[in-house]
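Let me begin by presenting the structure, written as structure tokens, before commenting on it.
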Amino acid sequence: MGTIDRIAEPWGTRTPYARGASWPVRVDTRLDEGLSEADVDTWVQSATTLHSNGDALDIAVKDGRIVGVRGRAVDRVNHGRLGPKDLYGYQANNSPDRLTVPLIRRDGKLVETDWDTAMTAVAGRTKELLAERGPSSIGFYTTGQLFLEEYYTLALIGHGGIGTNHLDGNTRLCTATAAAALKESFASDGQPGSYTDIDEADVIALYGHNVAETQSVLWSRILDRLAGPNPPKLICVDPRRTPVAAAATVHLAPKPGTNVALMNALLHEIIANDWVDHEYVDAHTVGFDELDKQVADCDPEWAAGICDVPVEDLRAAARILGEAERLVSTVLQGFYQSHQATAAAVQVNNVHLIRGMLGEPGCGILQMNGQPTAQNTRECGADGDLPGFRNWANDQHIEDLARVWNVEPTQIPHYSEPTHLMQMMRYVEDGSIRFLYVSGTNPAVSLPELGRIREILAQERLFLVVQDIFLSETAQLADVVLPAATWGEKTGTFTNADRTVHLSEKAVDPPGQARPDLDIFIDYAQRLGLSDKDGEPLVKWSDPEGAFEGWKACSAGRPCDYSGLTYDKLRGGSGIQWPCNEKHPAGTERIYRNGEFWSSPEYCESYGKDLVTGAPLEPVEYKAMNPDGRAVIKAAEYVPPHEPPTDEYPYLLTTGRTLYHFHTRTKTGRVPQLQNAAPDVWVEMSAYDAERHGWGEGDLLRVSTTRGNVEARLRVSGIRRSTLFLPFHYGYWDAPGGHAPAGGVGRAANELTITDWDPSSKQPLFKSAAARVERISVADGPSPAPTTTGSKPVASGVAPDTRGGAAAAVLEEVVR
């Protein structure tokens, strides 16, 4: 037992273990300064909501206030460990900036009001538009941070009550491709793998997934395997030299936008060397011949010319994949936020299908989520899809959902694919959507081409409702602002990226008049008078557990079956993986065992799409392709990026995240340890490019695209040549007035990104834009970039080490 600065040492103390052994327990505890565990009044069960790993923790409460956290030793996900955002992020709950009363716009300004006035305005405008323009004038945009019970209630209101097709989550920005890729290969969402596969794997491949910063506890698990006997080989695909890349056996740093070419070359090598499980392929898949034909000419020499990676590295990576005995692959934003996002992610699935590595210990795919409850958004239908992974193109599924909700099938919109966020914004722009209800997200910083987004959200004809815990950049544009309770102030469940369901109990009361999102949604439904076909209230529950029971009935018999779960079952122990039902009462660690897929035409969530155009396949096309309910091996041709570099804009700009912040910093920017570790935006450039320009660490640069400008200080990092990196977290909430400065030059990376998206997943393109860069002034000090992460400088001694000091002290107790 000892204390450690977990800003300086983000992944904590190593606890090595061997392949096939159990990951040792290490309990991390952080309390407010001056407090000990003896001072805590009570510990309340929960899990983290600042990344998608789902680390289980207990909340420390003293005098009605959250004063710390402690990892849960019994939990399957983290074995007691917590990451930096877990350890310090709770302090955002206690921020004096919290919204505590509703706000309404009067004479151009937001002023305080009461709940009845605010909700009357929200429901009243909804009713007016329904009468004047119909359901298509109403849109909902939610988050990846609410609870399952809240998403399901929102989906019921939107799809089953109002009858709008315009409902999406900001999971569109982070995890839409995960869902799309799983649907393409397996005809249903749902992660095949489990975090415990890390314990058994001899090869771990990470594609565009900087797990060290996005899911730091999962990286701790990998580090502990690497430190133990029989360590796995590691493949990293990332244009930056991240901590993952530094630890990798092979690091592939492709040019942004070329992932499909890279994957086709790896598949070419696997097939050419006959590292193929033909028995598995023949028994459980369709489409292998098409893949073989597609990649026949995609040899490493071809890919090296496109991706700008060494041929020998491509061959080495392919051999590691082809000779693996137990392979785990993870995928995240480096693949997802690109013009061929779904096509690239599907090729990762193809590696596992042709190698026959699914469903067994150490053999899994994790098409990762970017947010803590992104999985619930997708399961519950709050991302536009239908609840329970039902197929919007299958009339029987619509009828079944209508039965669960006791509404007429015609009430549920299914005349076309659900509207994705980027299309919704265009509908707002052209005036067909006149009411937008935004809950728990900040599109005025997180969406691409922010100048355009601000104009759209500020339209006078748009009635904008924002439900949040802080007055974000988006909330400042709203007509009504509703103060919400957050994690630790309400009860509900949420599901992480390997299907583990956790219960989060209410620990303290929310500040002022803030209310749980569930209560606000129910109030909204009641004021609208939404009812079922018998005239009874459409939303039939009044508390979280009632909503959970409603969800269990909706999910029963579907892939994401929760029918065997209860709040009591989730209390006191570990999280439980779905499906959990009568057949699997203890949950299900891995799905698709023995080549059993949820892909029969009558049952599947999706018939798939054309990877180039995004056009949905017709049921008859799917039935012709997949008559036996097998997995689909879907080939993809490489297509060059939509915005290549030019003489005027010679660099490729990519954006991303840092370990110490979450999304637009509405929470983490108010946490001293996290904010001090990464206080402001920076821009990364390779040593080659910096030397070519004659620039150095800390120089103030202006990065420009055809859409805008950002000024940031230079960090000379391990990024590939001709590529720039900007973290996207930094908006204007802590700038004077909270708005973008005059002159059009800011610090939000999304001032620069393009309004474009992957044709299948509709996920925006944040990873490649043509950019130019110029120096504004010579450095008067180093950039504010952390030195512990992917932004580590290539030269030593140019910037002070990132440390948290005594304020970041965390107690670690290792249990061997």
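We did not get these values from a lab; they are worked out from the coordinates using the rules stated. None of these values were measured; they are calculated from a predicted model. In this analysis, Cβ positions are derived from the backbone assuming ideal geometry, glycine residues included, and neighbour counts consider all displayed protein chains.
Miscellaneous remarks
- Summarising the strand pairing of the chain, around 55 percent of its internal DSSP beta bridges are antiparallel.
- Shape metrics for the chain, restricted to C-alpha atoms - Rg then Dmax, Å: 24.8, 74
- The range 651-808 - share of DSSP beta bridges that are antiparallel (%, nearest 5): 55 percent
- In sequence order, calculated HN-Hα J values of the range 127-137 (Karplus, 6.51, -1.76, 1.60; Hz; x Gly/Pro): 4, 4, 5, 4, 6, 7, 10, x, x, 6, 8
- For the pair GLN513 and ARG403, a Förster radius of 30 Å applied to the C-beta separation gives a FRET efficiency near 0.20, rounded to the nearest 0.05.
- For THR654, the amide hydrogen comes within under 5 Å of the amide hydrogens of LEU724, PHE725, LEU726, counting only partners 5 or more places away or on other chains and with H modelled in the peptide plane.
- Separation between Cα centres of the range 322-346 and the range 99-133, rounded to whole Å: 44 Å
- A convex hull fitted to the Cα coordinates of the range 303-439 yields 183 cubic angstrom per residue.
- Over the C-alpha atoms of the range 651-808, the Rg to Rh ratio, Rh being the Kirkwood estimate, stands at 0.96.
- Restricting the range 281-356 to GluC sites (Glu not before Pro) in coil, as DSSP defines it, with at most 15 other Cβ within 10 Å: GLU325
- For the range 668-738 versus the range 446-504, the gap between their alpha-carbon centres in whole angstrom: 25 Å
- Sparsely packed loop sites in the range 540-609 (the GluC sites (Glu not before Pro) outside DSSP H, G, I, E and B with at most 15 other Cβ atoms within 10 Å) comprise GLU582, GLU596, GLU602.
- As a rough footprinting exposure proxy, the listed residues MET422, MET357 were ranked by other beta carbons within 10 Å of their own, and the order from fewest upward is MET422, MET357.
- Lysines with Cα under 20 Å of LYS623, excluding same-chain neighbours fewer than 8 positions away: LYS183, LYS609, LYS634
- Between the range 588-640 and the range 220-281, the alpha-carbon center distance in angstrom: 25 Å
- Stretch gain in nm, segment SER36-THR3, where the contour uses 0.36 nm per residue and the Cα spacing is subtracted: 10.6 nm
- Bridgeable lysines around LYS62 (alpha carbons under 18 Å apart, same-chain partners fewer than 8 residues away excluded): LYS490, LYS506.
- Amide H partners (placed H, <5 Å) of ALA47, local residues excluded: LEU57
- Taking 0.36 nm per residue of separation and subtracting the Cα-Cα distance, full extension of the segment from ASP114 to LYS583 would add 163.9 nm.
- Annotation: lysines with alpha-carbon distance below 22 angstrom to LYS767 (same-chain offsets under eight excluded): LYS255, LYS792.
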